[in-house]
Amino acid sequence: MKIGVLALQGAFREHIYAFEALGVSTVAVRLPHQLEGCAGLVIPGGESTAIGKLMATYGFYEAVAQHHDAGMAVWGTCAGAILIARDVRDALPDQRTLGLMDISVRRNAYGRQVDSFEADLDVAGLDQPFRGVFIRAPWIEAVGEGVDVLSLYDDRIVAAREDDLMATTFHPELTGDPRFHRLFVEHVVGAPRR
Ligand code: GLN
């Protein structure tokens with residue numbers, strides 16, 4: 001199995017290291033043809049407006065949608081969660097998303113950079129709490145019927161899953177804890193669609 005990590009901007013290297021520590025092959029995806037053969041794709045944290053502009057330049061909006069249609073799972077972390085959402089609140093004017101996952105995300109929901117923080121999260125399916133690193137993070141304000149909430153922080157949804165799509169508003173790749181990467185590879189990739 002091969003997992004692609006979108007490598008246009010943001011924390012993509014850390015995702016690659018996390019998968020490699022699990023023995024999972026990865027490809028740093030810089031051009032759409034590199035999605036070929038990827039069972040899953042991670043859209044990393046960073047800056048959603050910058051990643052989105054580069055995605056448009058290189059034709060990733062069409063390519064990711066086509067590969068997802070053909071069975072590729074997608075996991076968005078932080079900015080990536082914004083980019084896969086159906087709806088974004090407090091988006092910049094004309095900010096475009098893939099609209100794959102039936103979630104509504106509020107951008108920069110906790111405030112500015114100084115409002116970044118860490119917190120222990122209870123996560124559905126994980127025995128022990130997971131350390132969430134929130135960096136100018138969004139939260140998930142609403143989810144559609146087919147979406148399972150995986151974690152709440154302060155009554156706000158910070159992780160969710162819809163079949164072969166997953167969104168986390170924090171950065172699991174920065175903690176050295178492989179459980180979200182394992183969850184993606186073992187349960188989200190290849191999950192049937194309802
Ligand atoms: N605030 C950023 C955005 O809107 C996301 C921050 C992050 O990915 N850590 O894209």
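Distance from the alpha carbon centroid of the stretch 34-63 to that of the stretch 145-162 works out to 23 angstrom.
Residue by residue, the stretch 177-191 carries 3J(HN,Hα) couplings of 9, x, 5, 6, 5, 5, 4, 4, 5, 8, 10, 8, 4, x, 5 Hz when phi is fed to the Karplus relation 6.51 cos²θ - 1.76 cosθ + 1.60 (θ = phi - 60°); x denotes Gly or Pro. With the cut-off at under 19 Å, measuring from each backbone N in the stretch 34-50 to a point 7 Å along the Cα-to-Cβ line of E62 picks out 34-37.
Compactness check for the stretch 113-190: Cα Rg over 2.2 N^0.38 Å is 1.05. Which of D163, D122, D90 ends up with the largest GNM mean-square fluctuation for the chain, with Cα atoms connected below 10 Å? Result: D90 has the largest fluctuation of those listed. 3J(HN,Hα) along the stretch 75-90: 10, x, 10, 6, 3, x, 5, 5, 5, 8, 6, 5, 9, 10, 9, 6 Hz, from the Karplus curve 6.51 cos²θ - 1.76 cosθ + 1.60 with θ = phi - 60°, whole Hz, x for Gly and Pro.
Under a 5 Å amide H cut-off, with hydrogens placed 1.01 Å from N, S116 pairs with R136 among residues at least 5 apart or on other chains. Computed on the stretch 62-168, the Cα convex hull volume stands at 99 Å³ per residue. Annotation: amide H of A142 within the under-5 Å range of S104, sequence separation 5 or more or interchain, hydrogens built in the peptide plane.
Close amide-amide hydrogen proximity is noted between R89 and V105, R106, R107, each under 5 Å apart and 5 or more residues distant or on a separate chain (H modeled in the peptide plane; Pro and chain starts excluded). Looking at the chain alone, DSSP beta bridges between its own residues are antiparallel in about 50 percent of cases. Contact order, relative form, for the stretch 1-53: 51 percent (alpha carbon pairs under 8 Å, 6 or more residues apart, mean separation divided by residue count). The ellipsoid equivalent to the alpha-carbon distribution of the stretch 1-45 has semi-axes of 15, 14, 7 angstrom, derived from the gyration tensor eigenvalues as √(5λ) and listed largest first.
Taken over the stretch 4-122, the convex hull of the Cα atoms encloses 122 Å³ per residue.
Using a cutoff of 8 angstrom between alpha carbon atoms and counting only pairs six or more residues apart, the relative contact order for the chain works out to 19 percent.
Coupling constants for the stretch 126-139 follow from the phi torsions by the Karplus curve (6.51 cos²θ - 1.76 cosθ + 1.60, θ = phi - 60°), and in residue order they are 10, 5, 10, x, 10, 6, x, 9, 10, 10, 6, 7, x, 10 Hz; glycine and proline get x.
No value in this document is a laboratory result; all are computed from the given coordinates. What you see is a predicted model, and the numbers here were worked out from it, not measured in a lab. Ideal geometry is used to build each Cβ from the backbone, glycine not excepted, and the neighbour counts take in all protein chains shown.
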